[in-house]
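The values are calculated or read from the model by the stated rules, or taken from the named source; none is laboratory data. Small disclaimer: the values here were computed from a predicted structure and weren't measured. Every residue, glycine among them, receives a Cβ derived from its backbone with ideal geometry; neighbour counts consider all protein chains shown. Only protein heavy atoms, including side chains, enter the accessible area calculation; ligands, DNA and RNA are left aside. Shrake-Rupley method; radii C 1.70, N 1.55, O 1.52, S 1.80 Å.
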Amino acid sequence: RAASICTGAELLAATGLLDGRRVTTHWARAADLQRRFPQLRVEAESIFIRDGKYWTSAGMTACIDLALAMVEQDHGAELVLQIARQMVIYHRRASKHAQLSTLLEMAPRSDPIQKALAYARNHLCRPLSVEELADVANLSPRQFSRRFRLETGQSPAKAVESLRLESARELIENTRHTLNYIARQSGFAQEEQMRRAFVRACGATPRALRRAA
């Protein structure tokens, strides 16, 4: 068994051991890795990938997730839970967990918009209207909508839906909660609304994502 961390995938790829295999690396180097080694199947979204006896991971913190997955393969989930608690890890991420979070991708510049987005992420069960988010940002709804679109490139409603989808996907792939429960926890009015949002954004239903996970 061999593994690489971050751009270490380039060294492992140079040996030829990864030819024809699924691999990942830091998102900023994924395109370059694919260009240099076209025989690889580079998947930039995943934080780590296991293909046979070869493991590759994204940036430095992803190596923790990779290492815990190795321990789980060898010794089971109970020991992994003990280790995660000892390391004060809040949440062990699965291999399909995206490298970049929705908040990082939107990258708002100003404190008011950052504050509103953080509030939205922590209160997904609420309706989260423009008026409510504008109040958190201490701006008028019109000012808030204009600045929000300028800084993130999307509307507040679209951003909130992206946050809901991210939260729901994490629960779908990493828990056994019912889809109806996940829909409510993520702020969707009902399971069908969540299903339509996933099909629109990902081209796949929540049930399909759960089966794949």
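Here are some notes:
- With 0.36 nm allotted per residue and the present C-alpha distance subtracted, the Arg200-Lys115 stretch has 27.9 nm of extension available.
- Efficiency of FRET between Gln190 and Asp135 - r from beta-carbon atoms, R0 25 angstrom, step 0.05: 0.40
- Taking segment 145-213 and dividing mean pair separation by its residue count, relative contact order in percent (alpha carbons under 8 Å, at least six apart): 25 percent
- A simple packing score, the average count of other Cβ atoms within 10 Å per residue, orders the peptides 166-172, 176-182 as 166-172, 176-182, with the highest score first.
- Given charges at Cβ of Lys, Arg, Asp, Glu: the chain dipole, positive-most of Phe48, Leu139, Leu11: Leu139
- Within the chain, DSSP assigns beta bridges of which about 50% are antiparallel (rounded to the nearest 5).
- Here the relative contact order of the chain, from alpha carbon pairs under 8 Å that lie six or more residues apart, stands at 14 percent.
- Segment 27-69 - percent of accessible surface contributed by carbon and sulfur, probe 1.4 Å: 57 percent
- Ranked packing of 58-70, 29-41, most packed first, by mean Cβ within 10 Å: 58-70, 29-41
- GNM top mover of Ser129, Ser186, Ser57 - the chain, alpha-carbon springs below 10 Å: Ser129
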